[in-house]
Every structure is written in structure tokens, then in C-alpha cells.
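Since the structure comes first, as C-alpha cells, the remarks are kept for the end.
The values are calculated or read from the model by the stated rules, or taken from the named source; none is laboratory data. Fair warning: this is a prediction, and the values are worked out from it, not measured in the lab. All Cβ positions, glycine included, derive from the backbone under ideal geometry; neighbour counts span all protein chains shown. Heads up: the accessible areas ignore ligands, DNA and RNA and are worked out on the full protein's heavy atoms, side chains in. Shrake-Rupley method; radii C 1.70, N 1.55, O 1.52, S 1.80 Å.
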Amino acid sequence: MFLRIFVIFAACCALVASAPAQSVPDQNAPKARPHVIVVGVNGMEWDIIRPLLIRGELPNLASVIKRGVYGKLRTVSSPNCPKVYSTIATGTPPEQNGVTGFIVGGITANTNMLKEEPLWSILSKNGVTVGMANVPATFPVMPVNGYMVSGMLTRGKGCEDGVLCSPKLSQVEGGDAVYPKSMVAEIEKNIGDISIDCARMPSVDDLKGHESQVIDEWLDEVQRIRVQQTKLFDYLLTNHSTDYTMLVQSCEDRVGHWLYPIQPHNVGYNPKVNNVKLDAFPSQYRAFDAVLGTILKHVDDNTYFFILSDHGIKPLREFEEDPHMHMDHGGTTPVIAKHDFADGDDVPGSFIAMGPGIKHDVRLMGFEATVFDIAPTILHLYGIPVPSQMRGRVLSQMFEGTKVERAAGSAQQ
Ligand SMILES: [Zn+2]
């Protein structure tokens, strides 16, 4: 296990609070560190997003794409959230960083399993202030030079294994969901008793005979969580501005798994469920676009802004050995789409970046960007050397003045 940082950031609160405006520039003041915001969207699928972009239904996302570079993000084999987000955080393959899936050796994936140092620790150690909220597999939270609110795989009452369910902040058990602890009361006071992750999907028994009603109620709950999450993100960006901020949404993927707009020829089609809300999954991206609008209020010309997803999501295929491999809490949700295909190139994630010196409206073709490249690229922005264990490379081709070259040696791992 890597050496975890247990340094107490005594000045934490001062560090995360917004710096007071200075009328006279201090010649001796250290140069401001880059401002970086990363927004993760679980299972963002270009197949669904492209038609919405063409119809002008995702104005905020379209504006980011126009001002930046965009394309697919090559992911790992059989991708799922804990596996890929830990790969993104450490720049190392799942087998090396220790988080190989939802459950590892019979135990729900957690931060104690990390065998490689994650980005948030490296940044903290180098004096960069770090803010994170709802990033999968960050429970129990780790000390950082700022704050961390955990995400998917947080355990609690009614969600004992933490897998694809959502304890409220007051129900969390088995570790801390918020660092520093003092922020728990602050979040409860200003936002409420937040749900840490998206809602659990209904089971076959829940749905039987009440399909329309259950779907409507569940989608209402998903939207309620998203509204609360938006409020949280806005609050943190406003009141605890940090050099590096990473915020992740997970409801999109959750909706796609069982409400993907599949056709009668697709595997698992059941008109009673799959013909009720054909627009449910695309609408998640319309809702995400509104969240993006809120986040973009905190993005200025000097901010490096990334939108990325850990993988896409596609309808099930007959020939896959285990079409219901995806964890869906008891295996009774009628899953019709998934992402843990053996060939990760079947379900690439997405990568969109804009900021100072980043090219405008440039598409990265093929698999120029991979999940291994995210941590090295962010470290590069801060001038921090990339540790030797990281497998990726700095995505230098996204900057002005560089030629777009096909990445070599970035094969799936
Ligand atoms: Zn999923």
C-alpha cells in the first residue's frame, strides 16, 4: 500500500475559503496555481448525446465542445465505475491499483484498497487545494488539502454493501463520507441531508403490474437527487473554491441500464417497461446540461475545464457470456444496457476539455485519449512531475501549437 497522507491540514478551512480580494498586487505573492474543474458523468454515451447536440438540446455542452477539444476516452476492459475512476485517479491499471470492480475479494471496493497514490493525494502533497464531491469509490474519504464528499459505494443504513444504492448523509456507516468532518453539519444546514449516490434501481417484483407508476416515481427520485447534487456542487464551488475540483454525477448511467431506448430486436426488450418512457435516458442529458450550466458559472477564461465519462453504455448483446454481469443489487433489475463488455473499446467514455491554450472545436479521432492520461495531464497543468507508475501520458496534442498525433502504446489494459 502506498504511503497515505495523514498530515493534518491545519489551515484547511482557510485554504478552501475564497481568498479575499487584494487591491495592491503583492510582488512576493506566489504565482496563482491553475484552476481546474473536472466533471465526471458516469456512462455518458455519444450515441445518445450526438442527436441531442445536433438538435440544439444541449446548449451548454455544445458551447464547451465548441471552445475545446472532444472525443472518445479509451477505457479499460469490462469497465465499471469503481474500476475506471480508480484507474483515472491513479493512472494505473485496476490490477495494479487494487480496485478491480464493485466487490474485491468479497468486500465492497473502498479507498483502503488503493495500492497506488491517487491524484488527490499527490496534488495535496504539492500544496494544491483539492475539492471533490461524489466521485465513485472515494469512501471512506481520505484527508486532502481541502474537502472530499464521497460518492458511489458509500455504505450506510439500508445500503449496507454500498453497491448502487444511496444512503443519506445521516445514514452513513463504516467510515466517514465527508472530510473534514466539520463540513457534515455545514452541508446539512445549507443543502440538507443529501443522498450520497443515485437511487437504487427497482426490482422485477417492484415493477410487476405497476410499470408506469414505478418508472415515473423512480425518475422523480432521480431528478430530486440531481437537483440536490446541483445545489451541493454550486455551494461548494461558491463557498469552498479550490485549485482542483472534481465533481461526479451517476444518475445518467443508472437510468441507461434499464430505460435505454432500445428496440424490439434488442436483448431483454419488454414493452411494458421499455415502451413507457423512451425519452427517459436522453432526458438525463438534458438535465445534465442544466447542471453544467450551473457549474459553468464558476468557469472563467483561466479555468481548465474537463468533462469526462468512465465509459459509455450500450444495449445488451446476445453473445456476451453473462449479459447481466453488471451489479444491479440482487440481480433482479431488468437490465437492458450495460458497459462491462469484455472489449472496453465497445463502450468508450468521453473526453471534453477547454481552457487556456487548449484548441477550439477540435475532435480527437480514434483513441487519442485514454483513462490513463487524465492524471498525468492534470499533474502537468500544475507542473508536478508524473510518477513513474502512471501508465498514461500528458495529452499535449490538445494544446495550441501542437500537431494532433495518433497516440502510440495506449492500448487497453
Ligand atoms: Zn453502470
Q | Residue satisfying all of: in region 36-67; over 19 Å from the mean Cα position of the chain (by Cα) and charged (D, E, K, R); surrounded by the most Cβ atoms within 10 Å (Cβ to Cβ) among these | A | ARG67
Q.
Restricting to region 103-132, name every residue that is in contact (Cβ under 8 Å) with a residue 12 or more places away in the chain, assigned to a loop (DSSP other than H, G, I, E, B) and open to solvent by 10 Å² or more (accessible area, probe 1.4 Å).
A. ASN110, LYS115, GLU116, GLU117, ASN126, GLY127
Q: Tally the residues that are more than 15 Å from the ligand (Cβ to nearest atom) and of a type outside the set (Val, Ile, Thr), restricting the search to region 247-267.
A: 6
Q: Kindly indicate whether PHE233 is outside any strand (DSSP E or B), open to solvent by less than 20 Å² (accessible area, probe 1.4 Å) and not basic (Lys, Arg).
A: yes
Q: Would you check if VAL276 is away from the ligand (no atom under 16 Å from the Cβ), open to solvent by 30 Å² or more (accessible area, probe 1.4 Å), touching a residue at least 12 places away in the same chain (Cβ under 8 Å) and over 20 Å from the mean Cα position of the chain (by Cα)?
A: yes
Q) If you go through region 284-301 one residue at a time, do you hit one that is modelled with pLDDT of 90 or more and within 13 Å of the ligand (Cβ to nearest atom)? A) yes
(Q) Considering only residues that are surrounded by 19 or more Cβ atoms within 10 Å (Cβ to Cβ) and more than 16 Å from the ligand (Cβ to nearest atom), which ones fall in region 302-321? (A) TYR304, PHE305, PHE306, ILE307
(Q) Condition first: in contact with a Phe, Trp or Tyr (Cβ under 8 Å, 6 or more places away or on another chain) and either within 16 Å of the ligand (Cβ to nearest atom) or open to solvent by less than 10 Å² (accessible area, probe 1.4 Å) (or both). Now tell me which residues in region 365-383 satisfy that. (A) ALA369, ILE374, ILE378
Q: Please tell me if VAL36 is closer than 30 Å to TYR260 by Cβ, at pLDDT 95 or above, in contact with an Asp or Glu (Cβ under 8 Å, 6 or more places away or on another chain) and not polar (S, T, N, Q).
A: no
(Q) Which count do you get for residues in region 340-370 that are over 14 Å from TYR70 (Cα atoms) and within 15 Å of the chain's Cα centre (by Cα)? (A) 0
Q: Name the one entry in THR238, THR242 that is more than 18 Å from GLY43 (Cβ to Cβ), touching a residue at least 24 places away in the same chain (Cβ under 8 Å), in a loop (DSSP other than H, G, I, E, B) and among the polar types (S, T, N, Q).
A: THR242
Q: Might you check whether a residue that is modelled with pLDDT of 95 or more, within 16 Å of the ligand (Cβ to nearest atom) and farther than 30 Å from VAL204 by Cα occurs anywhere in region 384-400?
A: no
Q: Give region 49-85 a look and list any residue that's within 16 Å of the ligand (Cβ to nearest atom), out of contact with any Leu (no Cβ under 7 Å at 6 or more places or on another chain) and either within 30 Å of ASP301 (Cβ to Cβ) or of a type outside the set (A, V, I, L, M, F, W, C) (or both), or say none.
A: THR75, SER77, SER78, PRO79, ASN80, LYS83, TYR85
Q. Name the residues in region 330-345 that are within 11 Å of the ligand (Cβ to nearest atom) and not in a loop (DSSP other than H, G, I, E, B), would you?
A. ALA337, LYS338
Q | Flag for LEU15 being at pLDDT below 95, in a helix (DSSP H, G or I) and of a type outside the set (Asp, Glu) | A | yes
Q: Quick one: VAL99 ticks every box in (1) in contact (Cβ under 8 Å) with a residue 40 or more places away in the chain; (2) of a type in the set (Val, Ile, Thr); (3) under 22 Å from LEU247 (Cα atoms) except a single one, so which number is it?
A: (1)
Q: Only residues that are open to solvent by less than 30 Å² (accessible area, probe 1.4 Å) and either more than 25 Å from ARG254 (Cα to Cα) or within 16 Å of the ligand (Cβ to nearest atom) (or both): list them for region 167-196, please.
A: PRO180, MET183
